[in-house]
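Reading through the structure tokens given below for one structure.
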Amino acid sequence: MNKYLDCFFFYLGGSVLFIESRFINPIEALDTSKTIIKDDKSSGLSGSLTLTGKLGDVMKESCTIALTYAKSFLQQIDPNNRSLRIGHVHVHVPEGATPKDGPSAGCTIVTALLSLGLNKPIKQNVAMTGEVSLTGRVLPVGGIKEKVIAAKRANVHTVILPYENQKDYNDLQDFIKDGLKVHFAKTYDDVFKIIFADE
């Protein structure tokens with residue numbers, strides 16, 4: 001199972017959540033007690049996406065967008081890799097009793113899916129936030145202060161933020177930013193180069 005950190009904002013403050021991804025067999029993917037998003041039958045593909053963790057509608061849509069983009073990105077960097085197109089994928093956000101919503105986990109979900117599809121680990125002790133569009137743009141999100149504080153509380157030292165949130169980060173007090181290495185991403189390609197970089 002692939003697991004890593006996501007800075008995710010909800011309720012009145014910031015919290016660091018884990019996003020988990022795993023390939024599952026077709027029988028498990030057809031469990032009607034879970035939210036299942038299947039590929040369009042016209043595509044000729046048989047993959048599916050199962051989501052758990054008490055996710056709201058916006059976050060479910062974010063997962064759908066993330067899978068669509070991850071498939072496209074994977075095809076560009078590894079044309080013969082069809083794992084995300086034909087595989088049955090389960091994405092889970094732990095603390096299942098806690099409702100979660102919003103688009104800011106988009107970057108994180110794409111990363112979890114690509115780590116799964118490439119069977120490649122990512123850098124550890126990294127948190128990220130940012131909405132991802134179908135074309136791979138990393139869009140700004142709210143609650144940057146809360147997210148950065150949450151990352152520090154979780155002892156995370158590297159954070160990836162949307163480029164358009166750079167001013168929000170720069171406006172933070174120095175003691176909040178102290179000890180952090182922050183990257184700003186315009187597109188998911190920027191995220192990929194950081195998170196999958198060889199040590």
Among T129, T158, T135, T108, which is the only one that is out of contact with any Lys or Arg (no Cβ under 6 Å at 6 or more places or on another chain), of a type in the set (S, T, N, Q) and at pLDDT below 95? T108
Is at least one residue of the range 166-188 of a type in the set (G, A, S) and in a strand (DSSP E or B)? yes
Taking the range 88-126 and keeping residues closer than 27 Å to N170 by Cα and under 10 Å from the mean Cα position of the chain (by Cα) leaves P103, S104, A105, G106, C107, T108, I109, V110, T111
Among the residues of the range 87-98, is any modelled with pLDDT under 80 and farther than 14 Å from S115 by Cβ? yes
Keeping to the range 96-123, report how many residues are over 13 Å from L51 (Cα atoms), in a loop (DSSP other than H, G, I, E, B) and in contact with a Ser or Thr (Cβ under 9 Å, 6 or more places away or on another chain). 9
Among the residues in the range 152-168, are any in contact (Cβ under 8 Å) with a residue 60 or more places away in the chain, of a type outside the set (A, V, I, L, M) and out of contact with any Pro (no Cβ under 6 Å at 6 or more places or on another chain)? yes
As an exercise: evaluate F18 against (1) part of a strand (DSSP E or B); (2) touching a Leu at 6+ places or on another chain (Cβ under 6 Å); (3) modelled with pLDDT of 50 or more and give the number of the one condition it does not meet. (2)
Within the group I160, I176, I194, which residue is of a type in the set (A, V, I, L, M, F, W, C) and farther than 27 Å from K120 by Cβ? I176
Unmet criterion (only one of (1) on the phi > 0 side of the Ramachandran plot; (2) surrounded by fewer than 16 Cβ atoms within 10 Å (Cβ to Cβ)) for G102: (2)
Filter the range 124-143 for residues that are surrounded by 24 or more Cβ atoms within 10 Å (Cβ to Cβ) and not in a strand (DSSP E or B) and give the result. T129, G130, V141
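The values are calculated or read from the model by the stated rules, or taken from the named source; none is laboratory data. As the structure is a computational prediction, the values presented were derived from the model and not from experiment. Virtual Cβ from ideal backbone geometry, glycine too; neighbours counted across all protein chains shown.
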